[in-house]
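Worksheet: the structure to be examined is printed underneath.
The values are calculated or read from the model by the stated rules, or taken from the named source; none is laboratory data. The structure displayed is predicted, hence computed values, not measured ones. Methodologically, a virtual Cβ is constructed for each residue, glycine included, from the backbone with ideal geometry; neighbour enumeration extends over all protein chains shown. What goes into the accessible areas is simple: the full protein's heavy atoms, side chains included, and nothing from ligands, DNA or RNA. Shrake-Rupley method; radii C 1.70, N 1.55, O 1.52, S 1.80 Å.
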Amino acid sequence: MASLNDKIDQLDPMRIPRHVAIIMDGNGRWAKEHGQERTFGHENGVSTVRQATEIASEVGVKYLTLYTFSTENWNRPQDEVDALMNLIVVSIEQQTPDLIKNNVRLTTIGNMERMPEYAASRLRKCMQDTSHCTGLVLCLALSYSSRWEIVEACRSIAREAASGTLNPDDIDDETLSRHLATSGMPDPDLLIRTGGDLRVSNYLLWQIAYSELYFTSKYWPDFTKEDFVDAIADFQSRERRYGKTSEQVNNDKEA
């Protein structure tokens, strides 16, 4: 079996996905299989976040966006929500020195107004502490859902149109993209989902229009650096046509 370094060496450095988005699923089921409470799975998933960040940075990914807490997650039992909020904040605070050491900048997308103030303020501090970093951008999707994001973008566009600063006839794809929470970030090239479910769960719906999708049955706490590299290798084996034919794609490469 090839080692991690061998797998990395086999990647085409010119075809590394610029932006990888991940749906980190399976923490609760992993915990249940280990005879533990759901929070045990979330706690073990933190280690996987650290490993994913490290390997993404190592292979040259520029943006890594993690579906950390959805707006739908607010409907979970309150004790689990409280535990998750505390875990997210504490783990990020603990990892901030390593993020700085590895030149990783932390950012978030989502409805931060719904976050408890203690959590939001401490996360803002971590983002400020890493704001000077110029390497990988680690983006946490917190209190996030794509439908919420698109509705908010539409409201913002409507306000500009109503004020006369935007001509409705000028609204196009780029207009909406600029008003999304991910404005300034490239769309994901690759979306990875762990845990075995084959759906995108209200995550970056606009942005993943042409993303390659990669599903694995592994639960998030079991997802390794090798698995991450395997996902990129699979991505590199695909032909991205964007509606064109294979012949057109090949002609574009030769031009």
Gyration tensor over alpha-carbon atoms, the range 153-203, equivalent ellipsoid semi-axes in Å: 31, 11, 8
If you take the beta carbon distance between ASP230 and HIS34 as r and set R0 to 25 Å, what does 1/(1 + (r/R0)^6) give as a FRET efficiency, to the nearest 0.05? 0.55
Counting Lys and Arg as +1 and Asp and Glu as -1, each charge on the Cβ, what is the dipole of the range 39-162 about the Cα centre in debye, to the nearest 20? 360 debye
Evaluate E = 1/(1 + (r/R0)^6) for ARG241 and TRP206, where r is the Cβ-Cβ distance and R0 equals 22 Å; express this FRET efficiency to the nearest 0.05. 0.65
Extreme residue, positive dipole direction of the chain, given options SER217, ASN111, GLY135 (C-beta unit charges): ASN111
Place a +1 charge on the Cβ of each Lys and Arg in the chain and a -1 charge on the Cβ of each Asp and Glu, then give the dipole magnitude about the Cα centre in debye, rounded to the nearest 20. 300 debye
Cut-off under 5 Å, modelled amide H: who pairs with TYR144 long-range: PHE69, SER70, THR71, ASN111
Put SER237, SER47, SER146 in order of accessible area, largest first, 1.4 Å probe: what do you get? SER237, SER47, SER146
At a threshold of 8 angstrom on Cα-Cα distance, excluding pairs fewer than six apart, so keeping six or more, what relative contact order does the chain reach in percent? 28 percent
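Could you tally up the Lys pairs in the chain with alpha carbons closer than 17 Å? Skip any pair fewer than 8 positions apart unless they're on separate chains. Kindly include the intermediate steps, with their values, before the conclusion.
On the way: LYS7/LYS225; LYS32/LYS218; LYS62/LYS101; LYS62/LYS225; LYS101/LYS125; LYS244/LYS253.
Lysine pairs meeting the criterion: 6.
Counting only heavy atoms of protein chains, what accessible area per residue, in Å², does the range 13-54 have with a probe of 1.4 Å?
In whole numbers, the range 13-54 has 52 Å² accessible per residue.
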Whole-Hz couplings from phi, Karplus 6.51/-1.76/1.60, listed for the range 111-122; x for Gly and Pro: 8, 5, 5, 7, 6, x, 4, 4, 6, 4, 5, 6
Neighbours of ARG114 by Cβ distance under 13 Å: Lys/Arg at +1, Asp/Glu at -1, summed charge -4
Suppose R0 equals 51 Å; then what is the FRET efficiency for ASP222 and THR165 from their Cβ-Cβ distance, rounded to the nearest 0.05? 0.55
Return the long-range amide H neighbours of GLU212 (sequence gap of 5 or more, or a different chain), with a cut-off of under 5 Å between placed amide H atoms. LEU190, LEU191
In 10 Å bins starting at zero, report the fraction of Cα pairs in the range 102-255 per bin as a rounded %. 9, 26, 35, 23, 7, 0
Taking amide hydrogens as modeled 1.01 Å from N in the peptide plane, which residues meet the under 5 Å criterion relative to THR130, leaving out close sequence neighbours? LEU106
Carbon and sulfur atoms account, in whole percent of the 1.4 Å probe accessible area of the chain, for 46 percent
